[in-house]
Amino acid sequence: MKVDYSEVRRLLRLGALGALGTHSTSVEGYPFVSNVPYVLDGCCRPLFLLSGLAEHTRNLLADPRASLLVLEGEGGRLDQGRVTLLGRVLPATLDEAAQARYLRYQPQAADYLALGDFRFFRMEPARARFIGGFGRMGWVDACPPPAQLDSRTEARLLGALGTLAPAGVSVLGLDFEGLDVRICGVSRRLGPLPSAQDAEGLFALAADCLRRAAAQPPDSGVMAA
């Protein structure tokens, strides 16, 4: 079947933890897989904060070719949505706005950054194997979203959206395909949003989404959409 990369992006945005496969330097010829948290940048590329002491970090510095497996939801059903990204994982330097974005999604990472041994790596996806259930699977070349926000513009819009968010809701990230929030400690994806032509139009759509959510009773389930 033909797979659209937008399906891959949707699944990646629902997750925060993946299985990173690297080429082992300790046991030559064998793959090495480890569980790692990730945050997507504005182009939907996974970012990792890795320790120099970690086995996977040494593997990546020797050979950046890697894979990242992300599952949709919990459990191990064969019909569970999942995606395996293939690409190169290389050291990355984040500006202040991009680093702040990472910490919104992974606030505990601030403690790791303070240790001085951790640094950022970015995956440049080349291909993806997407499985959406029985009979829904295929390979697809990686491609970025059709439109992206830079980190500074996103931070500006999030500051304004934060004033509209209901109590107990913090706004994490915004892109042209949806809005990420944290509700009472649980991360949620709101979207997809209707199509917007520019950043200001996107803000208006996201603001309307938050207003409608705020108008719903607490137990309505709207915020979990």
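The values are calculated or read from the model by the stated rules, or taken from the named source; none is laboratory data. Because the structure is predicted, anything quoted here is derived from the model rather than measured. Quick reminder, even Gly has a Cβ in these numbers, built from the backbone with ideal geometry, and neighbours come from all protein chains shown. Keep in mind that these areas ignore ligands, DNA and RNA; they rest on the heavy atoms of the full protein, side chains included. Shrake-Rupley method; radii C 1.70, N 1.55, O 1.52, S 1.80 Å.
Numbers for the structure displayed
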{"quantity": "Dipole in debye (nearest 20) - the range 1-80, about Cα centre, beta carbon charges: Lys, Arg +1; Asp, Glu -1", "calculated": "180 debye"}
{"quantity": "Calculated from backbone phi, Karplus (6.51, -1.76, 1.60) coupling profile of the range 121-128 in Hz, x at Gly/Pro", "calculated": "10, 10, 8, 9, x, 10, 9, 9"}
{"quantity": "Centre separation in Å (Cα based) which lies between the range 44-72 and the range 179-214", "calculated": "30 Å"}
{"quantity": "Among Pro31, Leu149, Gly116 - extreme Cα towards positive end, dipole of the chain, charges at beta-carbon", "calculated": "Pro31"}
{"quantity": "Computed [θ] at 222 nm, helices only, for the chain once each DSSP H run of length n ≥ 4 contributes -39500 (n - 2.57)", "calculated": "-8500 deg cm²/dmol"}
{"quantity": "Theoretical gain in end-to-end length, Asn35 to Leu164 [0.36 nm per residue, Cα-Cα removed]", "calculated": "42.9 nm"}
{"quantity": "Extension reserve of the Asp208-Phe134 stretch, reckoned as 0.36 nm per residue once the Cα distance is removed", "calculated": "23.0 nm"}
{"quantity": "Per-pair calculated FRET efficiency, R0 = 30 Å: Glu28 and Asp150 via Cβ, rounded to 0.05", "calculated": "0.10"}
{"quantity": "Inter-probe distance in nm under a simple model that places probes 7 Å from Cα toward Cβ, at Ala126 and Asp4", "calculated": "2.7 nm"}
{"quantity": "Sites Leu113 and Arg88 - FRET efficiency at Förster radius 25 Å, r taken between beta-carbons, to 0.05", "calculated": "0.60"}
{"quantity": "Whole-Hz couplings from phi, Karplus 6.51/-1.76/1.60, listed for the range 159-169; x for Gly and Pro", "calculated": "x, 6, 5, x, 6, 9, 5, x, 4, x, 10"}
{"quantity": "1.4 Å probe accessible area per residue over the range 72-225, in Å²", "calculated": "54 Å²"}
{"quantity": "Cut-off of 10 Å, at most 12 other beta carbons, DSSP loop: longest stretch of the chain lacking such GluC sites (Glu not before Pro)", "calculated": "75-225"}
{"quantity": "Mean Cβ count within 10 Å, highest first, over the residues of peptides 191-199, 142-150, 99-107", "calculated": "99-107, 142-150, 191-199"}
